[in-house]
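**Q** Please find one structure pasted underneath; my questions will follow.
The values are calculated or read from the model by the stated rules, or taken from the named source; none is laboratory data. Please read all numbers here as calculations on a predicted model, not as lab measurements. As a convention, Cβ positions derive from the backbone with ideal geometry for all residues, glycine included, and neighbour counts pool all protein chains shown.
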Amino acid sequence: MARTLSIVECRIRDDERADYLAALPARAARAAAASAHFWVFEHASERGRFVEFTEAGDAQRLAELVGNDAPADFWREVRGG
């Protein structure tokens, strides 16, 4: 089964940073409970600029994980032959 990926870039203000970072483990656990993966990267030279990757087994499960605030632009896994 091909996996589906969501990529969301967000900017977090310094006054919101602690709350954002504190919420990440719960989001990762929620993804894991749905047999999905969740990763977050911060730009190396731009503090507060994050990219969130959520990957799941299908688009429906992924939509449930990323919620309505995220774009509906998903990426499907491609397997080369």
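**Q** Of all the residues that make up segment 14-47, how many are of a type in the set (Ser, Thr, Tyr) and more than 19 Å from residue 2 (Cα to Cα)?
**A** 2
**Q** For segment 52-81, how many residues meet the condition of being assigned to a loop (DSSP other than H, G, I, E, B), of a type outside the set (Phe, Trp, Tyr) and either modelled with pLDDT under 90 or under 16 Å from residue 29 (Cβ atoms) (or both)?
**A** 13
**Q** Would you be able to say whether some residue in segment 9-27 is at pLDDT below 95, among the aliphatic types (A, V, I, L, M) and either touching a strand residue (DSSP E or B) at 6+ places or on another chain (Cβ under 8 Å) or over 23 Å from residue 77 (Cα atoms) (or both)?
**A** no
**Q** Taking interchain pairs and intrachain pairs at least six residues apart, which have beta carbon atoms under 8 angstrom, with the first residue in segment 20-35 and on the phi < 0 side of the Ramachandran plot and touching a residue at least 12 places away in the same chain (Cβ under 8 Å) and the second assigned to a helix (DSSP H, G or I) and not polar (S, T, N, Q)?
**A** Correct list of pairs: 30/65; 31/65; 34/61; 34/64; 34/65.
**Q** Scan segment 4-17 and tell me whether some residue there is assigned to a helix (DSSP H, G or I) and surrounded by 11 or more Cβ atoms within 10 Å (Cβ to Cβ).
**A** Checking segment 4-17: at least one residue is assigned to a helix (DSSP H, G or I) and surrounded by 11 or more Cβ atoms within 10 Å (Cβ to Cβ).
**Q** Take segment 45-58 and flag every residue that is surrounded by fewer than 17 Cβ atoms within 10 Å (Cβ to Cβ) and farther than 15 Å from residue 11 by Cβ.
**A** Those that are surrounded by fewer than 17 Cβ atoms within 10 Å (Cβ to Cβ) and farther than 15 Å from residue 11 by Cβ: 53, 57, 58.
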